[in-house]
Amino acid sequence: MGGSRAQVNKPHKTRFSSKSSRNIHKISHKDKNRIAKSNRNVTQGARAARLQRSKMLREQKKEALLKEKRASSGSASPPRVILLFPLSASVNVSSLAEDILRLLSADVGGAFSSTVVSSEYKLRATVLHAPHGDLLSCMEMAKVADLIAFVASATEQSTCDYIDSFGSQCLSVFRSLGLPSTVVFIRDLPTELKRRNDAKKIVTSSLTSEFPEDCKFYPADTKDDLHKFMWLFKEQRLTTPHWRNQRPYLIAQKVDMVPDDSSPEKCTLLLTGYMRAHSLSVNQLVHVSGAGDFQLNRIEIMKDSIPLNARKDHNAMDSDDIQDAEIIHSLAPDPSSQEPLLVENVPDPLAGEQTWPTEVEMAEAERNQKQKRLRKRALPRGTSEYQAAWIVDDTDGEDSGVENDGDDDEDDDGMLLDEGESGFPSQEDTNNSDFEEDQASLHLRDSDEETENDSVMMEGDNMTREQIEDEIKKIKEAHAEDEEFPDEVDTPLDVPARKRFAKYRGLKSFRTSSWDPKESLPPEYARIFAFDNFARTQKHVVAKALKVEQEGRDDCAPVGSFARFYIKEVPFHVASKLCAASRTAPIVLCGLLQHESKMSVLHFSIKKHDSYDAPIKSKEELIFNVGFRQFVARPIFSTDNINSDKHKMERFLHAGHFSIASIYAPISFPPLPLIALKSAAGAGTPAVAAVGSLRSIDPDRIILKKIILTGYPQRVSKLKATVRYMFHNPEDVRWFKPVEVWTKCGRRGRVKEPVGTHGAMKCIFNGGLQQHDTVCMSLYKRAYPKWPEHRFPANV
């Protein structure tokens with residue numbers, strides 16, 4: 001093969017340089033089996049661990065379910081509470097309650113509620129029937145009910161008559177509180193079978209949308225109908241709202257009071273009943289619904305007067321059995337571990353005092369003193385050195401006046417009160433000016449109270465009917481004006497704006513501008529408590545309460561026990577009201593977690609109720625029902641801004657959307673429902689004004705009240721305009737010069753200088769201004785809730 005090129009073998013690129021190095025990386029067959037076996041063992045071990053973990057979780061869930069079933073339907077469980085609620089006024093629930101009690105027990109008491117035991121169904125039950133038209137009683141009964149049985153009548157002519165207005169209002173309140181297990185009883189069905197089934201279908205189809213999906217409908221006319229329901233109810237797993245299972249509570253079967261010999265205005269309140277949800281320690285604080293927070297004197301664990309295995313001739317509870325019950329043992333509080341009833345923080349009046357000055361500050365003060373001595377001053381003849389020290393220097397006043405009037409620094413947070421004009425003409429003029437400033441400050445204080453949206457409604461006893469009607473008319477007009485022109489206020493003619501709005505300041509950006517939450521706090525903030533980390537504190541408190549219950553300590557009244565609680569230092573008039581109220585509504589005792597008696601700033605997500613038409617003004621007195629607790633508060637309403645740490649105050653609670661209500665109140669750990677009640681002028685029964693839930697506890701939440709000063713263009717020239725009627729003197733224009741202005745048509749600008757002597761000003765905008773446009777200036781100040789005069793409804 002002449003002329004052909006010889007083939008050249010190129011070295012092959014491998015990751016090994018030679019065969020010897022390649023053999024080093026070879027793995028023997030024995031080693032391969034050993035590695036594969038170890039990997040297989042690891043895989044099998046992980047799978048076995050997963051299976052074991054799944055098995056443990058299933059067993060834990062079974063144990064928890066069995067424990068819950070024993071706690072709700074066992075021999076040691078408290079009686080189940082059945083609430084019969086009529087959906088309309090035509091429904092007679094008293095006869096239905098008698099039929100149920102007669103089915104469970106032949107011995108039925110004549111009280112409004114009765115606790116009975118049935119050996120046939122192996123069930124203990126307390127039957128309550130809600131009085132139609134009494135909203136407060138219905139609400140208190142719904143808080144403690146394990147089962148709400150809504151009763152409807154099949155004899156109504158139209159479907160809209162099955163639920164009347166009061167029934168619809170109560171149903172919405174029950175939804176806000178959280179519905180427990182629910183059923184619907186249908187009464188007054190025809191006796192003929194076909195007509196009976198048709199009537200039941202009509203009622204069911206009409207009411208299905210009003211209740212939860214798992215709600216069942218039962219006929220309740222005959223004894224056989226109730227017998228079928230009771231067998232199903234005995235085996236039913238009841239569901240309760242989550243907030244009710246967080247704290248121990250007791251429904252008082254008997255309310256009594258013992259006078260205190262040492263203090264005639266105080267007494268000891270006795271509440272007897274079954275312990276529910278959790279065990280309660282005698283060292284724990286308790287809340288009595290509507291009365292307040294108290295300490296326990298002792299707890300007496302008594303023998304159950306109607307046990308589940310009771311004798312057949314005695315299966316109903318009456319007051320004599322409660323009074324004569326045998327006491328098993330008594331629990332007394334330990335003074336070293338009993339939680340103190342601490343409500344308010346005691347402020348230290350010297351906490352704001354400055355510390356001892358440093359050497360540098362003392363040297364600087366001495367240097368300034370020497371300079372003052374060297375300065376020559378023109379003094380009247382015969383003036384001593386001591387008298388000269390009291391004479392104000394004219395140059396200082398002029399300098400300070402020039403600085404205040406000519407300050408062009410655009411610091412948005414610099415809206416401070418002007419100190420006055422420069423110079424001091426004479427002692428007589430000074431006295432006159434001081435007197436005028438004092439009068440102006442008094443006038444400012446009064447006018448500031450008006451703009452803070454305080455409730456100026458006087459007591460109904462001191463006002464005539466015409467005055468009450470005029471006051472309500474004014475509030476309604478202010479509510480309508482606030483909806484049409486929110487935040488707009490008029491600059492007063494007789495008071496300078498720099499003094500009238502001295503507490504306000506401008507913000508470059510509401511979202512991004514800084515505002516110190518600790519700046520210029522009111523005196524009430526010295527009386528409240530705050531948490532460094534609220535979420536961590538709540539987690540710690542709940543875990544501590546759970547640990548105490550699991551330990552099964554001797555100072556606790558266990559769940560299901562029949563006990564008598566001695567509550568000490570209850571005001572005599574409050575105990576008398578509770579004894580009278582126990583005839584129509586249940587009195588509930590609720591155990592408090594740690595810190596829950598201390599005052600702080602609580603924030604609620606709140607919405608105006610659909611049935612309430614009257615305006616709700618900020619700082620008006622409302623009765624807050626938060627879970628089992630009740631207290632009086634005067635909230636302020638604000639928006640909920642997600643992307644900002646500042647929130648705009650609302651003068652009224654408007655319908656159709658949620659707002660945030662901030663109040664001074666005892667600490668409560670969420671989640672908890674809220675029902676806000678408003679007492680009408682001259683009426684004893686309060687109405688449902690708003691519903692919501694507890695959001696957070698944060699005294700540092702910044703709520704800003706916004707006002708808008710408006711002016712109108714007088715002359716417009718391209719980007720410049722002369723604006724009038726926003727201010728009424730040139731000093732006010734100079735004072736508010738750093739604040740940005742804007743128009744309702746979207747222009748933004750700044751104040752350049754005052755024009756004339758009547759408050760007109762020249763402004764420059766970022767675009768052409770229309771003659772019909774309105775020039776606005778936004779000012780802000782921080783707003784706080786109002787401290788309530790009465791903390792609890794029973795004290796009013």
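Put simply, of Ser696, Ser662, Ser644 the only residue that is touching a residue at least 12 places away in the same chain (Cβ under 8 Å), open to solvent by less than 30 Å² (accessible area, probe 1.4 Å) and not in a loop (DSSP other than H, G, I, E, B) is Ser662. Scanning the stretch 167-192 for residues that are within 19 Å of Ser209 (Cβ to Cβ) and in a helix (DSSP H, G or I) yields Gly167, Ser168, Gln169, Cys170, Leu171, Ser172, Val173, Phe174, Arg175, Ser176. Being open to solvent by 20 Å² or more (accessible area, probe 1.4 Å), over 27 Å from Glu789 (Cβ atoms) and assigned by the TED database to the domain that holds Ser330 holds for only one residue in Arg553, Arg511, and it is Arg553.
Residue by residue, here is whether (1) at pLDDT below 85; (2) in contact with a Lys or Arg (Cβ under 7 Å, 6 or more places away or on another chain); (3) of a type outside the set (Asp, Glu); (4) surrounded by 19 or more Cβ atoms within 10 Å (Cβ to Cβ) holds:
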position	(1), (2), (3), (4)
Gly110	yes, no, yes, no
Ser114	yes, no, yes, yes
Ala130	no, no, yes, yes
Met141	no, no, yes, yes
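Within the stretch 737-751, can one find any residue that is within 44 Å of the chain's Cα centre (by Cα) and on the phi > 0 side of the Ramachandran plot? Yes, the stretch 737-751 contains a residue that is within 44 Å of the chain's Cα centre (by Cα) and on the phi > 0 side of the Ramachandran plot. If you go through the stretch 61-79 and keep only what is under 30 Å from Ile301 (Cβ atoms), at pLDDT 85 or above and open to solvent by 10 Å² or more (accessible area, probe 1.4 Å), you end up with just Pro78.
Per-residue answers, yes or no, for (1) at pLDDT 95 or above; (2) hydrophobic (A, V, I, L, M, F, W, C):
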{"site": "Asp645", "(1), (2)": "no, no"}
{"site": "Ser662", "(1), (2)": "yes, no"}
{"site": "Ile675", "(1), (2)": "yes, yes"}
{"site": "Lys678", "(1), (2)": "no, no"}
{"site": "Ala681", "(1), (2)": "no, yes"}
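Being part of a strand (DSSP E or B) and open to solvent by 30 Å² or more (accessible area, probe 1.4 Å) holds for only one residue in Lys607, Lys577, and it is Lys607. Among the residues of the stretch 164-197, those identified as of a type in the set (Val, Ile, Thr) and at pLDDT 90 or above are Val173, Thr182, Val183, Val184, Ile186. Quick check on the stretch 632-639. Is at least one of its residues modelled with pLDDT of 90 or more, open to solvent by less than 10 Å² (accessible area, probe 1.4 Å), within 23 Å of Met599 (Cβ to Cβ) and in a loop (DSSP other than H, G, I, E, B)? Yes, some residue in the stretch 632-639 is modelled with pLDDT of 90 or more, open to solvent by less than 10 Å² (accessible area, probe 1.4 Å), within 23 Å of Met599 (Cβ to Cβ) and in a loop (DSSP other than H, G, I, E, B).
Restricting Ser514, Ser561 to residues that are within 27 Å of Gly290 (Cα to Cα) and at pLDDT 90 or above narrows the list to Ser561. Residues that are β-branched (Val, Ile, Thr) and open to solvent by less than 20 Å² (accessible area, probe 1.4 Å) within the stretch 613-631 comprise Ile616, Val626, listed in sequence order. Residue count for the stretch 763-789 satisfying the condition of being open to solvent by 60 Å² or more (accessible area, probe 1.4 Å) and assigned to a strand (DSSP E or B): 1.
Scanning the stretch 529-585 for residues that are in contact (Cβ under 8 Å) with a residue 24 or more places away in the chain and of a type in the set (D, E, K, R) turns up Lys544, Glu549, Arg553, Asp554, Asp555, Arg564, Lys568, Glu569, Lys577, Arg583. For Val716, the conditions (1) assigned to a strand (DSSP E or B); (2) within 30 Å of Lys474 (Cβ to Cβ) are fulfilled apart from (2).
Leu709 meets the conditions (1) modelled with pLDDT under 95; (2) open to solvent by 20 Å² or more (accessible area, probe 1.4 Å); (3) of a type in the set (A, V, I, L, M, F, W, C) in every case but one. The failed one is (2).
The residues listed here are Glu265, Glu192, Glu210; of these, the one that is in contact (Cβ under 8 Å) with a residue 40 or more places away in the chain, over 30 Å from Gln594 (Cβ atoms) and among the acidic types (Asp, Glu) is Glu210.
The values are calculated or read from the model by the stated rules, or taken from the named source; none is laboratory data. Everything quoted here is computed from the prediction, not taken from an experiment. Virtual Cβ from ideal backbone geometry, glycine too; neighbours counted across all protein chains shown. The accessibility values were calculated without ligands, DNA or RNA, using every heavy atom of the protein model including side chains. Shrake-Rupley method; radii C 1.70, N 1.55, O 1.52, S 1.80 Å.
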